[in-house]
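The block underneath contains the structure these notes are about, expressed in structure tokens.
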Amino acid sequence: MGVLTDYFRAADAATVVRALEPTDGGLPPLGADGSFDGVAAKGVDPDVVLGQLLAAVLGEPWHVDLVTETAVWPTTTPPGPSGLADEDDPWATGPWVTELGGATRDALAGVPDDRIPEVVARWAEAEEWDGADPADLLPLAEELIALARRARAAGEQLYCWICL
């Protein structure tokens, strides 16, 4: 089973929640028809794989809390200290949406074009890519960086929609 991840930009969490409510958290509409501006990035989870990209951008080792996130969806209270949710609880089944910290957006947005190939070469070394060719990852990295630039220019935040 793969993890579906889409990154998108929005003005704030309330805007995201309003868009997700009619579909009970279903995929946020990505596209040029007035929907969210985003990037489909299957398997690029925020904590590890996007975190590896951020580490490459920053020139530092990856660590688990490099990408900060705030839960936006589901809007119900998360499970208690046990971390266990009922099997029909949206916290157990998803989808989930998190708002990425502004530092992530700004670091991605700040990558100069001439540094992108170098950053992607380092990103491709991540264990999660299993020896991927940097040339294959370059278009995705360019899309994520461009999305971050558009978000920063518009004063918006980056979000990640995740579904199993």
If I filter the stretch 56-74 for residues that are loosely packed, with under 12 Cβ neighbours inside 10 Å, modelled with pLDDT under 95, within 15 Å of the chain's Cα centre (by Cα) and aliphatic (A, V, I, L, M), do I get at least one hit?
yes
Hey, can you tell me all the residues within the stretch 18-54 that are modelled with pLDDT of 90 or more and assigned to a helix (DSSP H, G or I)?
Val49, Leu50, Gly51, Gln52, Leu53, Leu54
Contact list please: Cβ distance under 8 Å, first residue in the stretch 118-136 and more than 15 Å from Val44 (Cα to Cα), second residue exposed (fewer than 14 other Cβ atoms within 10 Å of the Cβ) and polar (S, T, N, Q), pairs at least six apart or on different chains.
none
Flag if Pro139 is free of Cβ contacts under 8 Å to residues at least 24 places away in the same chain, on the phi < 0 side of the Ramachandran plot and surrounded by fewer than 16 Cβ atoms within 10 Å (Cβ to Cβ):
yes
With a cut-off of at least 2 residues that are under 15 Å from Gly59 (Cβ atoms), name the helices (runs of 4 or more DSSP H) lying wholly within the stretch 97-163.
102-109, 116-123
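The values are calculated or read from the model by the stated rules, or taken from the named source; none is laboratory data. Bear in mind that the values here come from a model prediction, so they are computed numbers and not experimental data. As a convention, Cβ positions derive from the backbone with ideal geometry for all residues, glycine included, and neighbour counts pool all protein chains shown.
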